Amino acid sequence: MKKIALFSAVAVLSVAGQGAFAHTGVKDKVVEGIAGYNNFTITHGCNGNVSLGDHRDVIAMSVLFPNAADPSLAKVYKLNSAGIQTETLPDLSNDIDGVTPGVGFTKLGIGLVAGNNTLFGNFLPTLDANGAIRGFQTWAGPTPYDTPVLPERVISVTGLSPFRYGAVKFQTTSCAKSLKVRVAIANWCKKGWASRADDDRVDLWIGHTTAVFNDQRTMPRATPYDPAIEAPFWPTMTISRDLVLNPLPANCGEGYDLAIEPADADIDALLPPKHGKYPDGVPGQSFHPTLEQ
């Protein structure tokens with residue numbers, strides 16, 4: 001395996017003197033009915049979540065969207081005006097055009113973006129058993145750089161990791177004002193199985209622990225963590241309803257918001273980077289990304 005470069009993205013940070021991080025997130029909000037491009041914002045490297053001292057550079061990133069065909073592999077919630085989850089829904093079929101009852105949110109239209117200006121040198125789609133693109137994993141690639149272009153240990157700028165999304169429309173009869181698409185993300189800062197016990201190996205952005213991702217130290221929080229001021233965090237792409245072209249029905253009142261996130265089983269199966277061969281139809285030789293599972 002060729003050496004993987006310390007290349008990637010970085011950071012704008014929070015209020016001086018506080019132990020709060022600027023989190024990895026989604027750059028832009030999205031308006032319904034319009035396909036386009038967006039970016040994940042990588043705002044700092046892994047630092048063990050102990051202090052705002054030196055950070056390790058992000059050398060790889062794995063991403064999982066809640067777009068499985070099996071609705072049991074996602075969690076769907078109705079939210080009130082305060083963002084509190086008030087109801088769990090079986091799927092999005094009552095609110096989003098093209099979603100069939102008993103089928104997951106397959107209409108998200110996720111695609112990868114390539115080019116010289118992308119943050120990581122290499123990337124691969126994450127495919128499920130049906131061959132659908134569920135996310136991607138990126139790493140810097142086989143050519144080592146003498147100096148990281150954007151070192152995350154220096155908190156100064158924000159790096160962008162792009163993706164494509166499809167047009168999502170709300171049903172005219174729905175009372176939903178927005179859909180918050182919560183994305184599972186892991187920013188990797190160390191490679192190899194020997195680093196698995198290091199809390200600066202990875203920053204996890206999944207809102208809560210799972211059976212596989214069960215180390216609270218790798219989930220960036222305020223220092224010390226105070227649940228009263230910092231709730232579990234999901235990188236979120238918000239799709240807003242066009243209330244001019246698609247107004248809420250008269251009986252909706254103020255309406256509600258929706259949220260969808262990958263289920264724990266989906267995260268545990270597809271978020272860890274894997275080594276192997278490129279999927280069929282993707283050019284290239286065998287790959288071996290940053291981490292050995």
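Would you be able to say whether some residue in segment 188-210 is under 15 Å from Ile239 (Cβ atoms), in contact (Cβ under 8 Å) with a residue 40 or more places away in the chain and buried (at least 20 other Cβ atoms within 10 Å of the Cβ)? Within segment 188-210, none of the residues are under 15 Å from Ile239 (Cβ atoms), in contact (Cβ under 8 Å) with a residue 40 or more places away in the chain and buried (at least 20 other Cβ atoms within 10 Å of the Cβ). Taking segment 154-197 as the range and being over 15 Å from the mean Cα position of the chain (by Cα) and charged (D, E, K, R) as the test, the residues that pass are Lys169, Lys177, Lys190, Lys191, Arg196. If you scan segment 135-185, which residues turn out to be modelled with pLDDT under 80, surrounded by fewer than 20 Cβ atoms within 10 Å (Cβ to Cβ) and part of a strand (DSSP E or B)? Across segment 135-185, there are no qualifying residues.
Each row is one residue, and each column tells you yes or no for (1) at pLDDT below 75; (2) closer than 25 Å to Val76 by Cβ.
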residue	(1), (2)
Thr236	no, yes
Ser240	no, yes
Asn246	no, yes
Asp257	no, yes
Leu271	no, yes
Lys274	no, no
Phe287	yes, no
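Inspect all residues belonging to segment 126-133 and state whether any of them is at pLDDT 65 or above, exposed (fewer than 14 other Cβ atoms within 10 Å of the Cβ), more than 23 Å from His23 (Cβ to Cβ) and not hydrophobic (A, V, I, L, M, F, W, C). Yes: segment 126-133 contains one or more residues that are at pLDDT 65 or above, exposed (fewer than 14 other Cβ atoms within 10 Å of the Cβ), more than 23 Å from His23 (Cβ to Cβ) and not hydrophobic (A, V, I, L, M, F, W, C).
Condition first: under 29 Å from Val76 (Cβ atoms) and modelled with pLDDT under 90. Now tell me which residues in segment 205-222 satisfy that. Gly207, His208, Thr209, Asn214, Asp215, Gln216, Thr218, Met219, Pro220, Arg221, Ala222, listed by residue number.
Scanning segment 50-93 for residues that are closer than 20 Å to Trp188 by Cβ, modelled with pLDDT of 95 or more and surrounded by fewer than 18 Cβ atoms within 10 Å (Cβ to Cβ) yields a total of 0.
The single condition from (1) over 27 Å from Ala265 (Cβ atoms); (2) assigned to a loop (DSSP other than H, G, I, E, B); (3) at pLDDT below 95 that Thr41 fails is (2).
The values are calculated or read from the model by the stated rules, or taken from the named source; none is laboratory data. Bear in mind the structure is a predicted one, so any value in this text is a computation, not a measurement. Please note: Cβ atoms are built from the backbone with ideal geometry, for glycine as well, and neighbour counts cover all protein chains shown.
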